[in-house]
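**Student:** One structure coming up, written as structure tokens, with questions to follow.
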Amino acid sequence: MTWVKICGITNVEDALTAVKAGADALGFVFYEKSPRKVDAETARKIVEALPAEVEKVGVFVCESAQRMESMAERVGLTATQLHVEGPSLGDEKPHGTRSSETLKHYVALPVRHFLDEQGRFDGFIVSVNQDKPDKRLSGIFLDSGTPEKIGGTGRIFDWTAALPVAEVIKRAGHSLVVAGGLTPTNVTEAIRILKPWGVDVSSGVEAAPGKKDPEKVRAFVAAVRQTERLP
């Protein structure tokens, strides 16, 4: 089954709607500049209302491992998702501090770096092609973030052009997650082209920034599940 994450959750009602629709994970944004930002106390109250089996993912931008793991303990997160500004995983990987043994860790990369500057692709290959996949890294997100807007752009990237990047990630043994501009009407095509392990949606299922549209949430999850049944 395709892993489905509904991101930008800001209230209990939306969280429970997503869970009932069949989401595998919910995302809580702790980036100050995001219109979907939540504070630790709000996120903790939402997390307390969720079933244990649902992943609770904290979303951060260029943050330290120590800071992310501290927030995870405070809120009750089960995973962290770190958005980085460059195409290399480098030192942005989890550092193995006290909480990381029980946390899942995801890294989100901006696809524009690979599509706009081909020279960066070679460095990325070196970065992800190791003798063994980093067991602390649960997956790599490909997102359509811009320098001005790290995530939640509401815009897709060129999925076909990104195929070489996706294949490098998968061949290196990492789980690929597609994000950026996904909606109930286009997620089938994204899955068909990139064949990811998971998909991540935020603005594509909203009524307004930070407020989900229940019908769109249900339609998105249903579209993913329908795609899984296609030959």
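The values are calculated or read from the model by the stated rules, or taken from the named source; none is laboratory data. In this text the structure is predicted, and so the values were computed from the model without any measurement. Positions of Cβ are generated from backbone atoms using ideal geometry, with glycine treated the same way; all protein chains shown enter the neighbour counts.
**Student:** Going through the range 152-186 one residue at a time, which ones are within 18 Å of Gly8 (Cα to Cα) and not in a loop (DSSP other than H, G, I, E, B)? If you could, list the steps in order and put the result at the bottom.
**Tutor:** Applying the first criterion (within 18 Å of Gly8 (Cα to Cα)) to the range 152-186 yields 152-156, 177-184.
Across the range 152-186, the qualifying residues are Val177, Val178.
**Student:** Kindly indicate which of Ala219, Ala207 is at pLDDT 95 or above, in a strand (DSSP E or B) and of a type in the set (Gly, Ala, Ser). Give the derivation first.
**Tutor:** Details: Ala219 fails: in a strand (DSSP E or B).
Step by step, each of Ala219, Ala207 is checked, and only Ala207 is at pLDDT 95 or above, in a strand (DSSP E or B) and of a type in the set (Gly, Ala, Ser).
**Student:** Restricting the search to the range 29-59, which residues are touching a Leu at 6+ places or on another chain (Cβ under 9 Å) and at pLDDT below 95? Spell out the reasoning first.
**Tutor:** Here is the first cut: in the range 29-59, the ones touching a Leu at 6+ places or on another chain (Cβ under 9 Å) are 43, 46-47, 49-50, 54-59.
Scanning the range 29-59 gives no hits.
**Student:** So, one more: For Ile140, are the conditions met, namely being assigned to a strand (DSSP E or B) and either touching a Pro at 6+ places or on another chain (Cβ under 8 Å) or at pLDDT below 95 (or both)? Steps first, answer last, please.
**Tutor:** Numbers: assigned to a strand (DSSP E or B): yes; either touching a Pro at 6+ places or on another chain (Cβ under 8 Å) or at pLDDT below 95 (or both): yes.
Yes; evaluated as a whole, the condition is true for this residue.
**Student:** Next question, about the same structure. For the range 76-88, indicate whether the set of residues that are surrounded by fewer than 21 Cβ atoms within 10 Å (Cβ to Cβ), among the β-branched types (Val, Ile, Thr) and under 19 Å from Ala25 (Cα atoms) is non-empty.
**Tutor:** Yes; the residues of the range 76-88 include at least one that is surrounded by fewer than 21 Cβ atoms within 10 Å (Cβ to Cβ), among the β-branched types (Val, Ile, Thr) and under 19 Å from Ala25 (Cα atoms).
**Student:** On to the next question. Please go through the range 187-196 and pick out each residue that is crowded, with 17+ Cβ neighbours inside 10 Å and either assigned to a loop (DSSP other than H, G, I, E, B) or of a type in the set (D, E, K, R) (or both).
**Tutor:** Taking the range 187-196 as the starting set, the residues that turn out to be crowded, with 17+ Cβ neighbours inside 10 Å are 187, 190-191, 194, 196.
Answer for the range 187-196, where residues must be crowded, with 17+ Cβ neighbours inside 10 Å and either assigned to a loop (DSSP other than H, G, I, E, B) or of a type in the set (D, E, K, R) (or both): just Pro196.
**Student:** Take the residues in the range 67-87 that are part of a strand (DSSP E or B) and not aliphatic (A, V, I, L, M); name whichever of them is farthest from Glu101 (Cα to Cα).
**Tutor:** Within the range 67-87, the first condition is being part of a strand (DSSP E or B), and the residues that meet it are 79-83.
Within this subset, residues satisfying the condition of being not aliphatic (A, V, I, L, M) are 80-81, 83.
Details: Thr80: 12, Gln81: 15, His83: 20 Å.
Out of the qualifying residues, it is His83.
**Student:** Look through the range 1-30, keep the residues that are charged (D, E, K, R) and touching a strand residue (DSSP E or B) at 6+ places or on another chain (Cβ under 9 Å), and return whichever of them is nearest to Lys212 (Cα to Cα). Write out each step before concluding.
**Tutor:** So in the range 1-30, the residues charged (D, E, K, R) come out as 5, 13-14, 20, 24.
Of the ones still in play, those that are also touching a strand residue (DSSP E or B) at 6+ places or on another chain (Cβ under 9 Å) are 5, 13-14, 24.
On the way: Lys5: 13, Glu13: 9, Asp14: 6, Asp24: 16 Å.
If we take residues in the range 1-30 being charged (D, E, K, R) and touching a strand residue (DSSP E or B) at 6+ places or on another chain (Cβ under 9 Å), then Asp14 is nearest to Lys212 (Cα to Cα).
**Student:** Just for the range 24-43: of the residues that are charged (D, E, K, R) and assigned to a loop (DSSP other than H, G, I, E, B), which one is nearest to Val221 (Cα to Cα)?
**Tutor:** Taking the range 24-43 as the starting set, the residues that turn out to be charged (D, E, K, R) are 24, 32-33, 36-37, 39, 41.
With assigned to a loop (DSSP other than H, G, I, E, B) added as a condition, the list becomes 24, 32-33, 36, 39.
Numbers: Asp24: 10, Glu32: 28, Lys33: 28, Arg36: 21, Asp39: 27 Å.
Checking each candidate, the answer is Asp24.
**Student:** Just a yes or no: is a residue in the range 44-58 touching a residue at least 12 places away in the same chain (Cβ under 8 Å), β-branched (Val, Ile, Thr), part of a helix (DSSP H, G or I) and buried (at least 18 other Cβ atoms within 10 Å of the Cβ)? Steps first, please.
**Tutor:** Step one: of the range 44-58, the residues touching a residue at least 12 places away in the same chain (Cβ under 8 Å) are 44-51, 54-58.
Narrowing the set further to residues that are β-branched (Val, Ile, Thr) leaves 46-47, 54, 57.
Adding the requirement that they be part of a helix (DSSP H, G or I) leaves 46-47.
With the extra rule that they be buried (at least 18 other Cβ atoms within 10 Å of the Cβ), the set shrinks to 46-47.
Yes, the range 44-58 contains a residue that is touching a residue at least 12 places away in the same chain (Cβ under 8 Å), β-branched (Val, Ile, Thr), part of a helix (DSSP H, G or I) and buried (at least 18 other Cβ atoms within 10 Å of the Cβ).
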